[in-house]
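The values are calculated or read from the model by the stated rules, or taken from the named source; none is laboratory data. The structure displayed is predicted, hence computed values, not measured ones. Counting neighbours? That spans all protein chains shown, and the Cβs are built from the backbone with ideal geometry, glycine included. We work out accessible area using only protein heavy atoms, side chains counted, and drop any ligands, DNA or RNA first. Shrake-Rupley method; radii C 1.70, N 1.55, O 1.52, S 1.80 Å.
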Amino acid sequence: MIDNKPTNRERLQEITAGIEQGIKELFESDKYRRYLSVMSRFHRYSVNNTMLIYMQKPDATLVAGYNKWKNQFERHVKKGEHGITIIAPTPFKKKIEEQKLDPDTKAPILDAEGKAVMEEREVEIPMFRPVKVFDVSQTDGKPLPELASSLSGNVQNYEAFMEALRRSAPVPLSVEPMAANMDGYFSPDQQRIAIRAGMSEVQTVSAAVHEIAHSKLHNYAKAQEEAARAGDKEPPKKKDRNTEEVEAESISYAVCQYYGIQTGENSFGYIANWSQGKELPELRASLETINKAAGELIADIDRHYKVICKERGIDLAA
């Protein structure tokens, strides 16, 4: 009997082709907004796996493998549920023989006969394979109380959250009076962020995250100085204004979604125009940038927010 089951390589090729097609189709307004919502919940995942989760189950909130649900969370996958395919690293270790080097000079060590001394070393070979995970909505069992601590609706502990944003920003951030037609700005010349006073809490947080994203990704003068100090021949190239705005607004939307701060049905209509004529590597590069920056900012805010709440005697469990 001939086994027609596809190999791991064939499955990975099929999955990768699906991801690339998904990226091409992604930059439609509503699809992109929903992708960012998924990305905010899985900010530690790669772009490929975020895309795979979005394509198969865009309403997913927390995924894990069958055995992890069973053994670590005391939950079981409901009968008849279909898993979500993602790509998981499955490295294996291999022993190799190589020349033994002097730890100081790095020159090969020779024996009495002038032959190179060999030593056995274990190396890890990277490998990947498709695996199945399941969303929490596909499982039953013991409740997950840690999910209840995420912020939702209005900005809870607003002052503490804004302080967490200030500590997460790479430049000083202040709230001050300015023209009503702008929510805020990042000044590369002054190396600071200003947010318009008098806005709602949600709008203030959204604008602050947007400008923090600019200060992290589009601070070219600082990036060139750092590149020069590091001896890099090619400093980062300046992006066009539309790309900058897409990146900053996407990060703001994803971060606010993660903390349950509803910023309304943000208009992503301009993203469709921005993406026209762009090749797949360029679209993927922007997704990689947004994914990485949003994940890092969420991690920073989480860390500072917990410290600030402890400093101010705010009970997060309540």
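A few remarks follow.
- Averaging over all projection directions, the Cα-based convex hull of the chain occupies 26.0 nm² in the image plane.
- Set of aspartates and glutamates near Lys216 by C-alpha distance (under 12 Å), chain-local residues within fewer than 8 positions excluded: Glu244, Glu247, Glu296
- Cα-projected label distance for Ser187 with Glu279, points at 7 Å along beta-carbon direction, nm: 4.0 nm
- Rounded to the nearest angstrom and listed largest first, the equivalent-ellipsoid semi-axes of segment 181-318 from its Cα gyration tensor are 27, 20, 16.
- Comparing mean-square fluctuations of Met199, Met51, Met162 from a GNM of the chain with C-alpha springs under 10 Å, the top value falls on Met199.
- GNM remark for the chain: springs join alpha carbons under 10 Å apart, and the peak mean-square fluctuation among Lys79, Lys292, Lys93 falls on Lys93.
- Model label zone, Glu226; criterion: amide N under 20 Å from point 7 Å along Cα-to-beta-carbon; scope segment 279-299: 285-299
- For Leu316, the accessible area of its heavy atoms, probed at 1.4 Å with every protein chain present, is near 80 square angstrom.
- Taking GluC sites (Glu not before Pro) as exposed when their DSSP state is a loop state and no more than 15 other Cβ atoms lie within 10 Å, the longest site-free interval of the chain runs over 114-264.
- Fraction of accessible area attributable to carbon and sulfur, the chain (%, probe 1.4 Å): 50 percent
- The orientation-averaged shadow of the Cα convex hull for segment 82-240, equal to a quarter of the hull surface, comes to 19.1 nm².
- Spatially, segment 45-110 and segment 302-318 are offset by 32 Å when compared through their Cα centroids.
- The percentage of C-alpha pairs in segment 56-112 whose separation is greater than 14 Å is 74%.
- Top of Ala294, Ala254, Ala60 by mean-square fluctuation, Gaussian network on the chain, Cα under 10 Å: Ala60
- Residue-normalised accessible area of the chain, given per residue in Å² at a 1.4 Å probe: 59 Å²
- Here the calculated FRET efficiency for Val131 and Lys106, from their Cβ-Cβ distance with R0 = 41 Å, stands at 0.55, rounded to the nearest 0.05.
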